[in-house]
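Quick notes on the structure that follows.
Throughout, read-outs are computed from the coordinates displayed, never taken from laboratory work. Keep in mind it's a predicted model, so treat the numbers as computed, not measured. Neighbour counts run over all protein chains shown; Cβ positions are idealised from the backbone, glycine included.
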Amino acid sequence: MVITKATNITWHCSQVERGEREMILRQRGCTIWLTGLPSSGKSTTAFALEHELVRRGYTAYVLDGDNIRHGLNKDLGFSAKDREENIRRIAEVAKLFADVGIITIASFISPYKKEREFARRIHQESRLGFVEIFVNTPIEVCEMRDPKNLYRRARQGEIKGFTGVDDPYEPPVDPELVISAESSGPEELVGYILDFLSERGFFISEADVNLAFPASAGRKSSKGL
């Protein structure tokens, strides 16, 4: 794929500081990147996490691999080059969401280390949180969980370039979290992630908000773990 580089462009800075948005939302903007084999439980975990975060009063949104290919990336296939562009685009979108202050949950196979490292790097360069979570569910379990029978079709040669069958998956070397749907259900996996986010300070307390905006002191917050 040939990408034409934009010219004669200028970055315009917002008059709103990121910290102001984060105080209003009572959370630190970040991207939670779920990676793993097909049918490893990424999407199930991502949407369960989104639901629990919103239930607790936080602002969260899932960017899911299949959903993104219905719109933004519907022009891309599954060649190595298209997969690279797929992750490049979504990494940039996730970074924008995180900059707004949203807890952004990206659920993508993202099989290649290079593309995941790119996603991490552009977040770190913008001083945004990036949490890589390896959904390390064994391939045997993934095949049993496969609701679309994609593994079977790939092994029968009906699908080419399928991750885990005839296309490689490069596991993360040093992810922030490793979870597995083999022995844990969605609620338990979400609990692990919420504990991690809390420990790393992604949730802002009401006391800190009141210090930042004294006029809001005494206003009841619906948020909290």
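Observations
- Arg152-Thr7 FRET efficiency (beta carbon distance; Förster radius 45 Å; 0.05 resolution): 0.40
- The range 146-195 and the range 58-80: distance between their alpha carbon centers, rounded to Å: 17 Å
- Comparing Val131, Val173, Val54 in a Gaussian network model of the chain (Cα springs below 10 Å), the most mobile by mean-square fluctuation is Val173.
- Between helix 42-55 and the chain there is an angle of about 20 degrees, using the helix long axis and the longest principal axis of the Cα atoms.
- Environment charge of Asp99, counting only residues whose C-beta is closer than 9 Å and scoring Lys/Arg +1, Asp/Glu -1: +3
- Most fluctuating residue given options Gly129, Gly201, Gly19, as computed from a GNM of the chain linking Cα atoms under 10 Å: Gly201
- With the convex hull of the Cα atoms taken as the outline of the range 18-208, the averaged projected area works out to 10.6 nm².
- Relative contact order %, the chain, counting alpha carbon pairs below 8 Å whose residues are six or more apart: 31 percent
- Counting neighbouring beta carbons within 10 Å and listing from fewest to most, the residues Met23, Met144 come out as Met144, Met23.
- Residues whose amide H comes within less than 5 Å of that of Gly129, counting only those at least five positions distant or on another chain, are Thr31 (H built at 1.01 Å from N in the peptide plane).
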